[in-house]
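Colleague: Dropping a structure here in structure tokens format, bear with me for questions.
The values are calculated or read from the model by the stated rules, or taken from the named source; none is laboratory data. The structure displayed is predicted, hence computed values, not measured ones. Ideal geometry is used to build each Cβ from the backbone, glycine not excepted, and the neighbour counts take in all protein chains shown.
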Amino acid sequence: MRKLLRCCWLLLVIPCGAMAEELHTLKLNADFQIARESVREAIEGAGLVVTAVIPLNQMLERTAGDLGKGKSPFVELETIQFCSARLAWELVEESAAQVAFCPLSLTVFSQPGVPGSVISWRSPGRKSPARIRGDDLLRELAAESRLLAD
């Protein structure tokens, strides 16, 4: 009975399909280096500052053996973080907890045997005006990155 109650509680707390709706990808014909530079250029061209570049593929490669995994499924993989002060203020004015959406990020990766590269990102969703602006910003930056790369 406890397990059933927990499952019902989770169904109420976690909206169906929320995770799938908030993860987006955009395929680019460009190689990783060009894609990564295009993402940085799109971010900086929008007047935003890159706050961190996280070399995720290095972490996957470094930890693969310790976790009993094969090699990384990526040739290259980096997450580029940035934030908009205006958007950060809009988000926290709606709800203090929405500060967790900052910084925003775009992830760029390439995989063995797959031509081109991919930009992926997590959307803050579209449940409030500030979240919509955040989602729109991520979509615009990804689209601009594709134009710059291709």
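Colleague: Is it fair to say A35 is modelled with pLDDT of 95 or more, part of a loop (DSSP other than H, G, I, E, B) and surrounded by 15 or more Cβ atoms within 10 Å (Cβ to Cβ)?
Modeller: Here the answer is no, as A35 does not meet what is asked.
Colleague: Do you know which of the residues in the range 58-99 that are surrounded by 13 or more Cβ atoms within 10 Å (Cβ to Cβ) and of a type in the set (D, E) is farthest from the chain's Cα centre (by Cα)?
Modeller: Across the range 58-99, the extreme among qualifying residues is E94.
Colleague: Would you check which residues across the range 59-74 are outside any helix (DSSP H, G or I) and not polar (S, T, N, Q) and list them?
Modeller: A64, G65, D66, L67, G68, K69, G70, K71, P73, F74
Conditions tested, residue by residue: (1) touching a helix residue (DSSP H, G or I) at 6+ places or on another chain (Cβ under 8 Å); (2) closer than 27 Å to L77 by Cβ; (3) not β-branched (V, I, T).
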| site | (1), (2), (3) |
| --- | --- |
| E93 | yes, no, yes |
| V99 | yes, yes, no |
| P115 | no, yes, yes |
| S123 | yes, yes, yes |
| I132 | no, no, no |
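Colleague: On to the next question. Got at least one residue in the range 113-134 being touching a Pro at 6+ places or on another chain (Cβ under 6 Å), closer than 19 Å to E37 by Cα and in contact (Cβ under 8 Å) with a residue 24 or more places away in the chain?
Modeller: No - not one qualifying residue is present in the range 113-134.
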